[in-house]
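Working notes, structure below.
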Amino acid sequence: MIAREGWTRIAIFALLAFGVQVFAGTVWALPLWLLLLLVIQFFRDPDREIPQQPGAIVSPAHGRVIAIENVVDPYVERRALRISIFMNIFSVHSNRTPVDGVVVKKWYEKGQFLNASLDKASELNERSAVHFRTKDGWDVTSVQIAGLVARRILCYLKNGQEVERGERYGFIRFGSRVDLYLPEDTYVVAQLGRWVLSGTDIIGFLPVSER
């Protein structure tokens with residue numbers, strides 16, 4: 001399955017490669033065919049099997065867990081547990097909602113395009129944040145962060161919109177990061193350095209007791 005964000009680009013590269021193949025031959029067209037394959041793999045968007053365990057938090061991004069730490073959520077202004085996931089150019093770049101709930105608020109901030117694996121990228125890079133609230137009242141903030149070569153963050157959610165866990169909600173082009181701010185007493189199952197699949201892999205569980 002190909003993400004809709006990539007259809008136009010794939011079509012352009014396919015036409016270019018075909019045109020060069022016809023008028024200049026295989027040798028000249030080969031680099032364009034290889035580039036077309038890279039574009040197709042970047043915009044792939046496979047179906048995901050979404051876990052249904054109560055309280056499960058699924059990964060919003062496909063990538064490597066680079067941080068698990070206690071911080072202050074700068075959007076909801078509360079103590080939180082932050083899990084950061086770094087996506088390289090070979091990751092699936094569709095982002096998925098981590099929990100069931102309602103979109104409380106969205107933010108978009110312009111910024112720099114530093115390497116997304118750096119800690120300061122959370123504060124300095126261009127980013128788009130979404131505050132979700134579950135039916136039990138737990139707050140979860142998911143932040144899409146642009147990377148070194150990323151130049152476009154897409155978020156399709158609206159304030160007040162109800163979402164289901166694992167639902168496709170956005171896309172970041174060409175390498176980036178997602179920070180997830182969770183309640184401090186979240187039970188974390190994600191591990192530093194390990195890869196996680198967006199929408200499929202559980203990275204933690206919300207606290208059992210309702211507030």
*For peptides 62-71, 177-186, 49-58, sequence by mean Cβ density within 10 Å, most packed first*: 177-186, 62-71, 49-58
*Using a Förster distance of 35 angstrom, determine the FRET efficiency expected from the C-beta separation of residue 49 and residue 27, and round it to 0.05.*
0.20
*Heavy-atom accessible surface of the chain: percent carbon and sulfur, 1.4 Å*: 59
*More than 30 angstrom apart: percent of Cα pairs within the chain*: 24
*With each run of n ≥ 4 DSSP H residues scored as -39500 (n - 2.57), what mean residue ellipticity at 222 nm is computed for the chain after dividing by its residue count and rounding to the nearest 500 deg cm²/dmol?*
-6000 deg cm²/dmol
*asked:* What does the net charge come to around residue 162 if you take all other residues with beta carbon closer than 13 Å to its beta carbon, with K and R at +1 and D and E at -1?
replied: +1
*So what is the accessible area of the chain per residue, in Å², with the probe set to 1.4 Å?*
51
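The values are calculated or read from the model by the stated rules, or taken from the named source; none is laboratory data. Quantities reported herein were computed from a predicted structural model and do not represent experimental measurements. Don't worry about glycine lacking a Cβ; one is built from the backbone with ideal geometry, like all the others, and counts go over all protein chains shown. In case anyone asks, the SASA skips ligands and DNA or RNA and just uses the protein heavy atoms, side chains included. Shrake-Rupley method; radii C 1.70, N 1.55, O 1.52, S 1.80 Å.
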